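The structure appears right after this line, and notes come after that.
Derivation of every value follows stated rules applied to the coordinates shown; laboratory data play no part. A quick note: this is a predicted structure, and the numbers were derived from the prediction, not measured. Backbone-built Cβ (ideal geometry, glycine too); neighbour counts: all protein chains shown.
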Amino acid sequence: MSISRDDAPGATLAYAQVPANAAALRVRPFALLLPNLLAVVVLFLPMSSNDAPIGPIVEYVRHHVFKQNIRSDIWEAFITGPFLLAIPLAAWTIRLCIRPATSRREVITAWAITLTALAMTFFATAYVIYLIPKMHGFVWAASATAVILAAGAAALWFLRSMILAYPAALLAMTLVYCADVTLTILVVLVHTRWQTGSVLGLIVVGAQLVAMIFLFFRWREEL
């Protein structure tokens, strides 16, 4: 008597098998919902004098894309550019809180956005480090940014089995936003006093870091 493929030992178990990280993927990131929504507000609040992070970005686009004769500082555009990450970050967090299931294409898109912002943050951080001999106060900005990025890299190593799932991608996107906001605010504070955007920005970063620590351990428990 021949044994069919369906009757082979373990076939039933293999059919019923679910991904090892399925439970972790069902965890909705509610802890990040409010901080990531407030991140969008920070984009439009003043951080330096009356300038909001959106200002240099708009000026850069108007000057280089629409060829308008206005002042544009590429350095300011690079350091504030990743603030735009707040928009897809908030939208994706809402989406994941409603339904955490994601497609691979969606996650790859999130990684592409994150890596673009990360490249800009690296460029801005390198320039800040270059300026430290002239502006000694920048050492705090560079150090804090490096700590956040290093902690994020360590966390992603522990979540590497979910690199193509939403937890790792959302964690990376949020961490890049935290790193750039921290860098920008600490650089700006060398030149100016606290502004509304600076205060709320650091509150948002603090809330995001706490939320990510909580979610990290939730995801680790479910793996």
| remark: Whole-Hz Karplus couplings 3J(HN,Hα) for the stretch 85-94, θ = phi - 60° and coefficients 6.51, -1.76, 1.60, Gly and Pro as x, run 4, 4, 5, x, 5, 5, 4, 6, 5, 4
| request: Go through the stretch 123-220 and name the trypsin sites (Lys or Arg not before Pro) that are in a DSSP coil and have 11 or fewer other Cβ atoms within 10 Å of their Cβ. | output: LYS134, ARG193
| Given R₀ = 45 Å, FRET efficiency for HIS136-ARG218 by Cβ-Cβ distance, to 0.05? | 0.65
| said: Can you compute the charge dipole magnitude of the stretch 29-222 about its Cα centre, using +1 on each Lys and Arg Cβ and -1 on each Asp and Glu Cβ, nothing else charged? Give it in debye, rounded to the nearest 20. | reply: 260 debye
| query | Once the principal axes of the Cα atoms of the stretch 29-222 are found, what is the range along each, listed largest first in whole angstroms? | reply | 50, 37, 26
| field | For the stretch 181-190, 3J(HN,Hα) per residue [Karplus equation, 6.51 cos²θ - 1.76 cosθ + 1.60, θ = phi - 60°, Hz, x = Gly/Pro] | value | 5, 4, 4, 4, 5, 5, 5, 5, 5, 5
| remark: With x for Gly and Pro, the residue-by-residue ³J(HN,Hα) of the stretch 137-150, computed from phi through the Karplus equation 6.51 cos²θ - 1.76 cosθ + 1.60 at θ = phi - 60° and given in whole Hz, is x, 5, 4, 5, 5, 5, 5, 5, 5, 5, 5, 4, 5, 5
